[in-house]
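Below is one structure; the comments refer to it alone.
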Amino acid sequence: MSELKFEGAMARLEEIVKTLEKGDLPLDRAMASFEEGVTLSKICLKHLEEADRKVEILIQSQNGPKKAEPFQAQDIQE
Amino acid sequence: MDDLFSFSEKKIYTVTELNALIRSEMERIFPSVWVEGEVSNLRTPQSGHCYLTLKDNGAQIKAILFKSTLKGIKFAPTEGQHLLCRGRLTVYEPRGEYQIVLEAVEPKGIGALQLAFDQLKEKLRLKGWFDPSHKKPIPLFPRRIGIITSPTGAAIRDMLQIIKRRHPAVDILINPVPVQGDEAAPAIARAIAEMNEIGGIDVLIIGRGGGSLEDLWAFNEEIVAEAIFKSDIPVISAVGHETDVTISDFVADLRAPTPSAAAELVVKNHLELIERIHLSKSRLIHAYQKFLNGMFKDLEGLKKRLSSPGRLIENHFQKCDDLIGRLTVAVTRNAAGRRKAFEHLLKNLETQNPSQKFIRLKEEVLRLFDRLAKQVRHEIALKHQEVETLLSGLHSLGPVEILKRGYSITRKLPGQSILKSSREVLKGDGIEIILADGKVRAKVTEIVEG
């Protein structure tokens, strides 16, 4: 999902919340909105949580291109 | 002495003349020289001109900075400062002292860097590299952050600490470079290009911790500025402390006052967005619950307004009693009529002994009465069932709380309209039954109307 699409999804989610908060929908539309909202919030969160939280460092390999390896941060004190 | 006077044709100068001659010769030979030395005997009297002596280990020379020249110098000369100067030599005739009139002054070392800084800044500004139109937006929630700095410096430690503490879902790729010394600038420039080649990196942070102007110098080099300007990935420059300003800061898409601030900046939005989604989600659930509760309340109201089933049944019983009463009357009346006819017949048939026929007739009357009573009972049962159906239908419209008690909402697929009648579906249609804790999707196998 691109940032643009994500922005769209966020906007739609917030619009749904506002509509539902007004509370003047018929039951089936309210249910559909609620479900759409829950789905959107899941998609948005998933998008934001996608990365693995890896910390890597580029190391020069012998006669080759640099390669990413896990960064050992023992010297990084809390 | 004779020798002296024997050169009578020789010009004999007065001191004034001699000094004037020396002065003009000196000014002719040294109209502009560069000299470096340490400042001493610095004094600035009322006149505003600045008098000083430039010296090194072996010698010294008097120097003067006129007020007009002094105005154009961005710094104030101080005692002991090492200066690089350009000036013209002259002689102060009244004393016969030669001196250098300074026309341009730079503190040596740090000052030369400053000059280079100013010159490069001006050059790049003219090229338009600092224009806001060249600034790329920093992504709202970068997921892969490239960091170009020393892998052992304070900057990487600070940045990783902040990112670790906030724990956002970001990947970090460090491209290790020396951040000071002659190798630093080309290494940083190369690293920026490498990060662009690797791809998939959303934002770059280049920087280092605090240090002297010399320490930070790599970030003032044109080669680094050019790499930043050419980077397709947005670059955040985070060099030194808040007060340190580098060329990188000007060219970068964003300047962070410190490496820590840069780290905060790239993860802040990320966390804010996650918070915003969670907030939306809880508002969504709250609103929906409120909506359902409101609907439930409405249903309760409607239920109250409906006659209670007991009353309905009572009504039906009354109706039934009424019917039975009327039936009895009718039957009685009918019986009375038949009796008349019977009596008539009896009268007619008294002689023919019609007792058998009379018995049959009586049986038929009883049978008719039975059938009628049965039919009325059946009608009551039907009405009763109708009321039950109505009530259970009312419940099944209820929200989650009701679903929990074992009721369900059935929706037609794929339209998802709520099913209110068996006539709305056909055999083979897909339906979705919503229960308190989930959904069941099913196919209609039979439709029983009624």
Residue check: is B:ALA227 open to solvent by less than 40 Å² (accessible area, probe 1.4 Å), within 14 Å of B:PHE117 (Cα to Cα) and of a type in the set (A, V, I, L, M)? no
Condition first: facing chain B (nearest Cβ under 10 Å) and at pLDDT below 80. Can you find one or more residues in the range A:9-23 that meet it? yes
Checklist (1) modelled with pLDDT of 90 or more; (2) within 28 Å of B:ALA63 (Cα to Cα); (3) not in a strand (DSSP E or B) applied to B:VAL179, failing item: (2)
Pairs with Cβ under 6 Å, 6+ apart, first in the range B:256-282 and more than 12 Å from chain A (Cβ to nearest Cβ) and free of Cβ contacts under 8 Å to residues at least 40 places away in the same chain, second outside any helix (DSSP H, G or I) and of a type outside the set (A, V, I, L, M): B:PRO257/B:GLU242
Filtering the range B:141-155 down to residues that are open to solvent by 10 Å² or more (accessible area, probe 1.4 Å) and more than 10 Å from chain A (Cβ to nearest Cβ) yields B:SER150, B:GLY153, B:ALA154
Expected single match for more than 29 Å from B:ILE22 (Cβ to Cβ), in contact with a His (Cβ under 6 Å, 6 or more places away or on another chain) and open to solvent by 60 Å² or more (accessible area, probe 1.4 Å) among B:LYS123, B:LYS67, B:LYS108, B:LYS127 is B:LYS108
So, in the range B:156-187, how many residues would count as being more than 7 Å from chain A (Cβ to nearest Cβ), open to solvent by less than 30 Å² (accessible area, probe 1.4 Å) and within 26 Å of B:LEU273 (Cα to Cα)? 5
Can B:ILE418 be described as within 40 Å of the chain's Cα centre (by Cα), modelled with pLDDT of 85 or more, within 27 Å of B:GLY294 (Cα to Cα) and open to solvent by less than 50 Å² (accessible area, probe 1.4 Å)? no
Matching residues, the range B:217-264, being among the polar types (S, T, N, Q) and more than 15 Å from B:ALA184 (Cβ to Cβ): B:SER231, B:THR243, B:THR258, B:SER260
Quick one: in the range B:262-278, of everything that is out of contact with any helix residue (DSSP H, G or I) (no Cβ under 9 Å at 6 or more places or on another chain) and open to solvent by 60 Å² or more (accessible area, probe 1.4 Å), which residue is farthest from B:LEU204 (Cα to Cα)? B:GLU275
Top-ranked residue in the range A:24-47 [being at the interface with chain B (Cβ under 7 Å from one of its Cβ atoms) and in contact (Cβ under 8 Å) with a residue 24 or more places away in the chain; ranked as farthest from B:ILE174 (Cα to Cα)]: A:GLY37
Only residues that are among the charged types (D, E, K, R) and modelled with pLDDT under 95: list them for the range B:216-248, please. B:GLU221, B:GLU222, B:GLU242, B:ASP244
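The values are calculated or read from the model by the stated rules, or taken from the named source; none is laboratory data. Just so we're clear, the structure is a prediction, and the values are computed from it rather than from any experiment. Because the Cβ atoms are built from the backbone with ideal geometry, glycine has one as well, and the counts that use them run over all protein chains shown. When the accessible area is computed, the model is the full protein with side chains, heavy atoms only, and any ligands, DNA or RNA have been set aside. Shrake-Rupley method; radii C 1.70, N 1.55, O 1.52, S 1.80 Å.
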